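Chemist: Starting off with a structure, shown below.
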Amino acid sequence: MPMYVPSRGRVEEFDVGGGGQVLDLETAVKDGILGGGGGVVVHGGAIEKKLSLRKMMEELDSIDVPSVFICPISLEPMQDPVTLCTGQTYERSNILKWFSLGHFTCPTTMQELWDDSITPNSTLHQLIYSWFSQKYLAMKKRSEDVQGRVLEILETLKKVKGEARVQALKELRQVVTSHDSAKKTVTDNSGVSLITSLLGPFTKHVVASEAIGILVHLDLNSDGKANLMQPNKISLMVDTLNEGSNDTKINCMKLLELLMEGKDSECEVLSSLSLFVGLLRIIKDKRHPNGVLSSLRLLKLISSHDSLRNSIVGIGAIPQLVEVLPNLNAECLELALVILEALSTLPEGALALMDCRSTIPNVVKLLMKVSESCTQFALSILWAVCKLAPEKCSSVAVEAGLAAKLLLVIQSGCNPVLKQRSAELLKLCSLNYSETIFISKCKLTKTMQ
């Protein structure tokens, strides 16, 4: 395809390929496709390339790109566009690969090629480079502006108090949640220790709420986490969790979860009855599903520590968790069952499960209903309850339909461990019945019998 060579002193027209679309320079600049500023210098149609096109494309990966810049084969922006005799333009490497596979047609039109030569589309290359340059430099400028603003706010926080401090924290929180570069600027300039220093026994909840809303979005190192694990700071987080808005509650729970990850020896600082009561209150609140999920995630992490399980059982968590099982979505349900299974390993926990009248009916309903892992946790809970008092629990379990569910598990394609546990539980439930009575009680089909 013959390429258009622009002449000086007139409007330059650019053939961008792909169906004969023609753009002039004025239209391109007006539409934001091409421009002379932003690090791209235009001299009579020649563009001085100061940045790597590949680098810019990588950093602008998520940006919407004009369709004329997209290769029809890979559906990716072109870096080295070439045009066929049909007038269609492709990325050089893609069309050469097409030819190497034995194709001698145009991939878009499927026309046979009367000329297998490819012509570099330098004009489209210039358009692509200019467009990406402008977007790249605009992104860099925004990033620099953000970093500068973060540094200003950090300096302000060192000097101000009262309402001015609250406003500075609110602005910093907004910037941090909107720009990844702001997070790095905060951490690289001792921002974590500065914000953490604002949390103490006399900190107002509005300040704590904003500070926690910032910290939860930052990459905290071991020193930062250790500083936040101080008892007075944990106590403030718990108070803020109990008294804050739903968003504040979620941020507090996420931060506490972040601090607990990988911690074994320091978890005692979280043995707060106020925290456990607050988490259970959130779990029972149907209005905020995100809060329920965050609360269960944190409670799961807490219950994984042997030293904290007794405290959770002691505040009456088990019957409260059992009662909400029918209202939970699949993700929350699995978390709740993990917690109950962990608590069932304690004698007090198993006893609390047995004493709760809803345990067996609610848990039986979950067998073979949600997922194999949920079935596994449910079986463990039922086993802990039934083996504690077989005579008392087996009749309740059979009336709740446990036998039929266990047979379904045994006949299913689930793992052998689950089948073995189901068989053991089925045998336990049948101990107090004759075979005929047990079958009639189970209301089994002839196939199941």
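Chemist: Counting only other residues whose beta carbon sits under 14 Å from that of Gly349, what net charge do I get with K and R as +1, D and E as -1?
Modeler: Details: positive: Arg309, Lys387; negative: Asp306, Glu341, Glu348, Asp355.
Its environment carries a net charge of -2.
Chemist: Report the local net charge at Leu215: Lys and Arg +1, Asp and Glu -1, summed over other residues whose C-beta lies under 13 Å from its C-beta.
Modeler: +2
Chemist: Work out the FRET efficiency for Gln230 and Asn327 from their Cβ-Cβ distance, taking R0 = 30 Å, and round it to the nearest 0.05.
Modeler: 0.25
Chemist: Hey, which of these cross-link pairs are over 23 Å Cα-Cα: Lys135/Lys170; Lys158/Lys204; Lys141/Lys184; Lys365/Lys427?
Modeler: Over 23 Å Cα-Cα: Lys135/Lys170.
Chemist: Find how much the distance from His205 to Thr345 grows on full extension, using 0.36 nm per residue of separation minus their present alpha carbon separation; answer in nm with one decimal.
Modeler: 46.6 nm
Chemist: Further, regarding this structure: Take Ser395 and Ser52, extend 7 Å from each Cα along the Cα→Cβ direction, and tell me the distance between the two endpoints in nm.
Modeler: 7.8 nm
Chemist: Take the solvent-accessible surface of the protein heavy atoms, probe 1.4 Å, and return the percent of it on segment 363-425 that carbon and sulfur atoms account for.
Modeler: 57 percent
Chemist: Here is a further query. Work out the FRET efficiency for Arg281 and Lys369 from their Cβ-Cβ distance, taking R0 = 45 Å, and round it to the nearest 0.05.
Modeler: E between Arg281 and Lys369, to the nearest 0.05, is 0.95.
Chemist: Let me ask something else about it. Relative to the present Cα-Cα distance, how much length would full extension add between Ser178 and Thr109 at 0.36 nm per residue of separation?
Modeler: Answer, rounded to one decimal: 20.5 nm.
Chemist: Please give the net charge around Leu298, taking every other residue with its beta carbon less than 12 angstrom from that of Leu298, where Lys and Arg add +1 and Asp and Glu add -1.
Modeler: +2
Chemist: Rg and Dmax of segment 320-371, Cα atoms, in Å?
Modeler: Over segment 320-371's Cα set, Rg and Dmax evaluate to 10.6, 29 Å.
Chemist: Additional query: For segment 218-260, which whole-number percentage of the solvent-accessible area (1.4 Å probe, protein heavy atoms only) is attributable to carbon and sulfur atoms? Don't jump to the answer; show the numbers that get you there.
Modeler: On the way: 690 of 1670 Å².
Carbon and sulfur: 41 percent of the exposed surface of segment 218-260.
Chemist: Report the extension gain between Val160 and Asp306 in nm, rounded to one decimal, defined as 0.36 nm multiplied by the number of residues separating them, less their alpha carbon distance.
Modeler: Between Val160 and Asp306, full extension yields an extra 48.2 nm.
Chemist: Please work out the FRET efficiency for the pair Asn246 and Lys141, using the Cβ-Cβ distance as r and a Förster radius of 30 Å; give the result to the nearest 0.05.
Modeler: 0.25
Chemist: Expressed as a whole percentage, what fraction of the accessible surface of segment 84-180 belongs to carbon and sulfur atoms when a 1.4 Å probe is rolled over the protein heavy atoms?
Modeler: Numbers: 2640 of 5320 Å².
Summing carbon and sulfur atoms, their accessible area is 50 percent of the total for segment 84-180.
Chemist: Now a separate question. Going by the alpha-carbon gyration tensor, a ≥ b ≥ c the square roots of its eigenvalues, is segment 212-251 rounded (a/c under 1.5) or, if a/c is not under 1.5, prolate (a/b greater than b/c) versus oblate?
Modeler: It comes out oblate by the Cα gyration axes.
Chemist: Taking amide H positions as placed 1.01 Å from N in the peptide plane, with prolines and chain starts having none, which residues 5 or more places from Asp80, or on another chain, fall under 5 Å of its amide H?
Modeler: Amide H neighbours of Asp80: Arg92.
Chemist: HN-Hα J couplings of segment 175-181 from phi, Karplus 6.51/-1.76/1.60, θ = phi - 60°, integer Hz, Gly and Pro as x?
Modeler: Here the 3J(HN,Hα) series is 5, 5, 6, 9, 9, 5, 5 Hz.
Chemist: How large is the convex hull of the C-alpha atoms of segment 232-364 per residue, in Å³?
Modeler: Residue-normalised Cα hull volume stands at 95 Å³.
Chemist: How would Lys405, Lys159 rank on accessible area, largest to smallest, probe 1.4 Å?
Modeler: Sorted descending by solvent-accessible area, the residues read Lys159, Lys405.
Chemist: Using a/c under 1.5 as the rounded threshold, could you call segment 147-186 rounded, prolate or oblate? The axes a ≥ b ≥ c are square roots of the C-alpha gyration tensor eigenvalues, and prolate needs a/b larger than b/c, oblate otherwise.
Modeler: Numbers: a/c = 3.19, a/b = 1.68, b/c = 1.89.
Oblate, since a/c reaches 1.5 and b/c is not below a/b.
Chemist: Spelling out what I want: for every residue of segment 384-400, take phi, set θ = phi - 60°, compute 6.51 cos²θ - 1.76 cosθ + 1.60 (Karplus), and round to whole Hz; glycine and proline get x.
Modeler: 4, 6, 5, 6, 6, 8, x, 5, 6, 8, 5, 5, 5, 5, 5, 4, 7
The values are calculated or read from the model by the stated rules, or taken from the named source; none is laboratory data. Treat the numbers as computed from the prediction; the structure is a model and nothing was measured. Ideal geometry is used to build each Cβ from the backbone, glycine not excepted, and the neighbour counts take in all protein chains shown. Keep in mind that these areas ignore ligands, DNA and RNA; they rest on the heavy atoms of the full protein, side chains included. Shrake-Rupley method; radii C 1.70, N 1.55, O 1.52, S 1.80 Å.
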